[in-house]
Every structure is written in structure tokens, then in C-alpha cells.
Amino acid sequence: MRNICIHLSEGFPILSLTLVTEPLRVANRELGRPLFARTILSDDGGVLQSSSGLPVATDPLPEGKLDAVVLLTSYEPDRSATERCLSWLRRLDRQGCLMGCVDTGALVFAKAGLLNRRPAAAHPEAIAGYHREFPNSLFIDRMMDFSPPRFSSAGGVATLDMTLALIAHFTSDR
């Protein structure tokens, strides 16, 4: 069983959450067995509101090793870049965890120092501003990138492609 942890922050986009969770559900159905579990997380656990106002229950950050993490932030990524979240991401990075981010989650990864050697996809409209704010971070002009131990999506429907790459990563014969 592969546990895919999805870290949310207040105001996260529900579309991104759905584009991560639904392909995992369908993959389990098509595989005929439950290969993927998902855990919805936030810094402290509890109910968070999506950008469209839908409430979603979350668990607090776990301590152990994880198979993969996806960071879904809001349109205000500075609110998501809490010291607790940044420390947790750095710890996972040291453990070699497969880590992904969507849209403005790339800014949180940059603030955590996780994009100095590994890239994150950024929307063409945002990439210049991202480079100005974090000149030592690697942002690439792509809608999606899957370069383990990192993966990323610039947002929107490209998140589906990112999730399909994640599924392929765990199901392909190596």
C-alpha cells in the first residue's frame, strides 16, 4: 500500500484536491486492489475551507516516513509557509521522500530551500515573479514536471497529468 499524503492549507483549490484524489481512487479500481491510500493533512489537523468554501477534514502532520507528499496551498502561499510546515518538508526531504507541489506550492518549496537543485513547474505568467522572489530556486516553464524525488504542476488540469505520472511511478515495472 502506498500512502499519498496531501497537505492542505486554508483556501486550497478544491479542483487540485480532486485531481489528486480521484485518479488514485480510479487507479485502485482499475488495478483491482487497493494500492493507493490517501491521507489529507494540515499543520494542526481540523477542518479547512477550500477557496470555494467547501470544508475538508484534515489530520495533523505525521512523524514517520512517507511514500509521497503533495502540497496544495492557497492563493496566499505566505500563509501556507508556516515554520511547522517548512520544517516538516525539510525533514521529509532529508528522508528522501517523493515530494510534489501544485501551483503556488512551488513558492513554499522554494522558501523551504527545496528547489536549489530540483525544479518545480511554474505557470508562464508567474515564473518571472517567482524568479525575482527566489533567485536561487529552479522554476521551469512547464505545466507539469515529474523528476523524482520532486514532482510538480503549475496548477489547473495539469495536476491530473502530474497525478498520473505519480501513479505510473509506483506501478511501472522497474
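The values are calculated or read from the model by the stated rules, or taken from the named source; none is laboratory data. Please read these numbers as outputs of a predicted model, since none were measured by experiment. Here the Cβ is made from the backbone with ideal geometry for all residues, glycine too, and neighbour counts use every protein chain on show. For accessibility, only protein heavy atoms count, side chains too; no ligands or nucleic acids. Shrake-Rupley method; radii C 1.70, N 1.55, O 1.52, S 1.80 Å.
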Query - Search result, residues across region 89-114 that are open to solvent by 10 Å² or more (accessible area, probe 1.4 Å) and within 22 Å of Thr21 (Cα to Cα) - result: Leu98, Asp103, Thr104
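This table checks each residue for (1) over 19 Å from Glu76 (Cβ atoms); (2) touching a Pro at 6+ places or on another chain (Cβ under 7 Å).
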residue: Leu107; (1), (2): no, yes
residue: Lys111; (1), (2): no, no
residue: Ala126; (1), (2): no, no
residue: Gly129; (1), (2): no, no
residue: Asp141; (1), (2): yes, yes
residue: Phe146; (1), (2): yes, no
Query raised in the report: So which residues in region 144-174 are open to solvent by less than 20 Å² (accessible area, probe 1.4 Å), touching a Lys or Arg at 6+ places or on another chain (Cβ under 7 Å) and assigned to a helix (DSSP H, G or I), if there are any at all?
Result: none
Query raised in the report: Can you name the residue in region 6-61 that is closer than 18 Å to Thr171 by Cα and among the β-branched types (Val, Ile, Thr) and, of all such residues, is least open to solvent (accessible area, probe 1.4 Å)?
Result: Val20
Requested in this report: Under 8 Å between Cβ atoms, at least 6 apart or on separate chains: pull out the pairs that start in region 102-125 with a residue that is over 9 Å from Gly155 (Cβ atoms) and of a type in the set (Phe, Trp, Tyr) and end on any residue that is assigned to a helix (DSSP H, G or I) and modelled with pLDDT of 95 or more.
Outcome: Phe109/Leu89
